[in-house]
Amino acid sequence: MFEIKVPAFGESIQEVQVATWLKKIGDWVELDEDLVELESEKASQALASPEAGILQEIKVPDGEFANVGDVLCVMKAGEKPVSSNNASSQTATSGSAATEVAGHPVAQATEWIMPAAERVLNEYKISADAIQPTGPGGRLLKEDVMKYIDAKGLKPGGTPAPVAVATPTDPVEEYEMEMSELHGSRVETVKPMSMIRRTIAARLVEAQHSAALLTTFNEIDMKPVMDLRKKYKEAFLAKHGVKLGFMSFFAKSVVEGLKRFPAINTEIRGTDVISRNYFDIGIAIGGGKGLLVPVIRNVEKRSFADIERQIGQYAALAQENRVKPADLSGGTFTISNGGVYGSLLSTPIVNPPQSGILGLHSIQERPVALNGEVVIRPMMYIALTYDHRVIDGREAVGFLKTIKEVLEEPARLFLEV
């Protein structure tokens, strides 16, 4: 037997939360195969097994917290059994994720069903095919199953939960029954806030309380950039093996703006102002556990292809909850693109201890005045939230104006004018 303990994630991290067990008791686990997903205050990471063996006991179940050094599970080393109930070794003959037991569809152990979800599926005799998975990589989570059960009013065994019908004894009770029928089920679900979400919440509140935040806006005619992308996207993809997106243009334009207005690339540390001559840009990315801001180092030295490739790698890691804490720290400025979710306008919050953040929004065709005529152009609102303690309004407006200028004339990015 051997124990697997919570590893050290970093000097400042002492506690983690078990997000999801990827294996269940009795499963065979290969050497270096992912066993459990752990969530710290900074990132989620999969913990691999240091030896091959069978999972004997889980000490910390899904959703529970543990300190660095605590025992997560007990494994039994040995040779792989001839017949294993390991989910990853099973193959469904029909491609279906369900079988029939006593006339009820029951989930089989497949790669896309998490162990905790599988236990509930079997308890309630539900087919996994009936539920929409929301986990990373299309995995079915316990939360997905519980939502389905609540919506269907099921009880263990697969039959609907009996509905008690009360006979009103007074007008107040009768009114309450009418309201209940009108609004339907009003069940509340309580679960602990994830560690990443707790950290995000604390940092956002810190930014609001400790900085003098102000937001200024501008708008960009995106047609020149869109025309440039359309003209060179196939050649760019063929040469670099990555698609040419908008974010590399914005990252490069941000560097140009920070060079012209270096106060925006600073940090207040006590009574000192820390200025930087390098540009580490954080790019906000939606991940499996929420919004993450991995950092692209030295953007000023990177090509468009380097930037797009790095963003793609971070996006893939974020969906699998594999972004490392080191990738999330040390940024000097952040870009947040709410436009991918349909946001037209917003006021982003600075990511402490940075002094500025650029918010991008949806590209929409709007009528604008150009050379004395009204024309339809693809326009985008951009917003800069900044710490007014160290950045003046003139610098903030100039920064946005720089981004507008270089993107409406992309040649400026290459000529540095």
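Here are the numbers:
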{"quantity": "Count of residues meeting criterion [within 16 Å of residue 242 (Cα to Cα) and out of contact with any Phe, Trp or Tyr (no Cβ under 8 Å at 6 or more places or on another chain)] in segment 305-326", "calculated": "11"}
{"quantity": "Failed condition for residue 61, given (1) over 30 Å from residue 201 (Cβ atoms); (2) in a loop (DSSP other than H, G, I, E, B)", "calculated": "(1)"}
{"quantity": "Flag for residue 405 being surrounded by 12 or more Cβ atoms within 10 Å (Cβ to Cβ) and free of Cβ contacts under 8 Å to residues at least 12 places away in the same chain", "calculated": "yes"}
{"quantity": "Which listed residue, of 194, 185, 210, 253, is of a type in the set (Gly, Ala, Ser) and at pLDDT 95 or above", "calculated": "253"}
{"quantity": "Complete set of residues in segment 226-279 that are of a type in the set (Lys, Arg) and closer than 15 Å to residue 401 by Cα", "calculated": "252, 259, 260"}
{"quantity": "Residues of segment 326-348 classified as closer than 24 Å to residue 278 by Cβ and crowded, with 16+ Cβ neighbours inside 10 Å, total", "calculated": "11"}
{"quantity": "Criterion (assigned to a helix (DSSP H, G or I), hydroxyl-bearing (Ser, Thr, Tyr) and more than 22 Å from residue 414 (Cβ to Cβ)) met by exactly one of 199, 216", "calculated": "199"}
{"quantity": "Every residue from segment 49-72 that is surrounded by 15 or more Cβ atoms within 10 Å (Cβ to Cβ) and among the aliphatic types (A, V, I, L, M)", "calculated": "52, 54, 55, 58, 60, 66, 68, 72"}
{"quantity": "Residue match in segment 358-366 (condition: part of a strand (DSSP E or B), modelled with pLDDT under 95 and closer than 22 Å to residue 196 by Cα)", "calculated": "no"}
{"quantity": "Residue in segment 19-53 that is farthest from residue 295 (Cα to Cα), counting only those that are of a type in the set (Val, Ile, Thr) and modelled with pLDDT under 90", "calculated": "25"}
{"quantity": "Only one of 374, 397 that is outside any helix (DSSP H, G or I), surrounded by fewer than 22 Cβ atoms within 10 Å (Cβ to Cβ) and not charged (D, E, K, R)", "calculated": "374"}
{"quantity": "Any chance residue 387 is buried (at least 20 other Cβ atoms within 10 Å of the Cβ), of a type in the set (D, E, K, R) and out of contact with any helix residue (DSSP H, G or I) (no Cβ under 6 Å at 6 or more places or on another chain)", "calculated": "yes"}
{"quantity": "Strands (runs of 3 or more DSSP E) wholly inside segment 272-351 that include at least 3 residues being over 20 Å from the mean Cα position of the chain (by Cα) and in the same structural domain as residue 242 (by TED's automatic domain parsing)", "calculated": "272-275"}
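The values are calculated or read from the model by the stated rules, or taken from the named source; none is laboratory data. Here the structure is a predicted model, which means the values were calculated and not measured. Reconstructed Cβ throughout: ideal geometry from the backbone, glycine too, with neighbour counts over all protein chains shown.
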